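Data first, discussion second: the structure below is written as structure tokens.
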Amino acid sequence: MRDFKKSTSAFIHGFRYGVRALSNILASRYESLPWPSRPVPYETDPGLPLADAIIARVSRTSALWQQFAFIGDLITVAADGSLTYREEVPVDHVQESSLLEGAAEHFVVTLEYGEGHDEIDPFDIEAGRNREGDAGHDQRYLHPVIRHWRGTDLVATHRMDENLENDWARERSHRQPLAAFLSAQLAGRPAAAQP
């Protein structure tokens, strides 16, 4: 109901990811089972390892692709600087849940379409669009969006350049700008204790 006429929950290719998320929500609420997660280890600067984790996910996820702007990945940052990555959390559920307990801040990663994406044919070579990687390239089509939150306050947003082949691992146009954004947002955080 929350994504009525906005995403794909009414169709099997989106419905299945909503069911999986609901299963995790119910397991957490009634069985006290934690949402599946993994740590993101780093030594000094978390920017590059976190960028690599995000790029690996957006490059292979079907949940974020099918449930664009509705389901996202959640990365929590504890007071000690440790990073925890949780996949496929309904975006509306993040602020309503216990997933943020003990988190000083968090990031939400989604795939989203930009404004006006349905107005221009991506294959129309005469549409007058800038080439990927050029200054002023637009972000109308599906692309990763990383939002940084402190509590309920949105601190910053990073939109990765769209890519017609959905290849967001390009060093100059994707990986470096994302790592720089994450490093700047996490500047001054302590290095997490390594297991």
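Close amide H pairs (under 5 Å, H built 1.01 Å from N) link residue 104 with 77, 78, 79, residues at least 5 positions away or on another chain. Working ranking of peptides 47-56, 146-155, 65-74 by packing, defined as the average number of other Cβ atoms within 10 Å per residue, highest first, is 65-74, 47-56, 146-155. A simple rule links phi to the HN-Hα coupling: the Karplus curve 6.51 cos²θ - 1.76 cosθ + 1.60 with θ = phi - 60°, which for the range 103-109 gives 8, 6, 7, 7, 10, 10, 10 Hz, with x for Gly and Pro. Note on residue 30 and residue 52: the extension gain reaches 4.5 nm, defined as 0.36 nm multiplied by sequence separation minus the Cα-Cα distance.
Quick check: from the Cα gyration tensor, does the range 26-118 come out rounded (a/c under 1.5), prolate or oblate? Please list the in-between numbers first.
Working: a/c = 1.87, a/b = 1.15, b/c = 1.63.
Judged from the Cα gyration tensor, the range 26-118 comes out oblate (a/c at least 1.5, b/c at or above a/b).
Distances between placed amide hydrogens fall under 5 Å for residue 71 paired with 91, all partners being 5 or more residues away or on another chain.
Tell me the net charge near residue 152. Cut-off is 15 Å between Cβ atoms, residue 152 excluded, with +1 for each Lys or Arg and -1 for each Asp or Glu. It would help to have the intermediate numbers written out before the result.
Numbers: positive: 147, 150; negative: 92, 96, 101, 105, 153.
Net charge in that neighbourhood comes out at -3.
Looking at the range 36-100, the accessible area is 39 square angstrom per residue; that uses a 1.4 Å probe and ignores ligands, DNA and RNA.
Here the range 35-84 is treated with +1 on each Lys and Arg Cβ and -1 on each Asp and Glu Cβ, and its dipole about the Cα centre works out to around 280 debye. Between residue 16 and residue 45, the modelled labels are 4.0 nm apart [label points 7 Å from Cα along Cα→Cβ]. Once the Cα-Cα distance is subtracted from the 0.36 nm per residue extended length, the residue 95 to residue 37 segment shows a gain of 19.2 nm.
Using the Cβ-Cβ distance between residue 167 and residue 113 with R0 set to 22 Å, the FRET efficiency from 1/(1 + (r/R0)^6) comes to roughly 0.80.
Taking all protein chains together and a probe of 1.4 Å, list 143, 93 from the most accessible to the least accessible. Display every interim value, and only then the final one.
Working: 143 0, 93 25 Å².
If we order 143, 93 from most to least accessible, we get 93, 143.
The values are calculated or read from the model by the stated rules, or taken from the named source; none is laboratory data. Here the structure is a predicted model, which means the values were calculated and not measured. Using ideal geometry, Cβ is built from the backbone for each residue, glycine included, and neighbour counts are taken over all protein chains shown. With ligands, DNA and RNA removed, areas are computed over all heavy atoms of the protein, side chains included. Shrake-Rupley method; radii C 1.70, N 1.55, O 1.52, S 1.80 Å.
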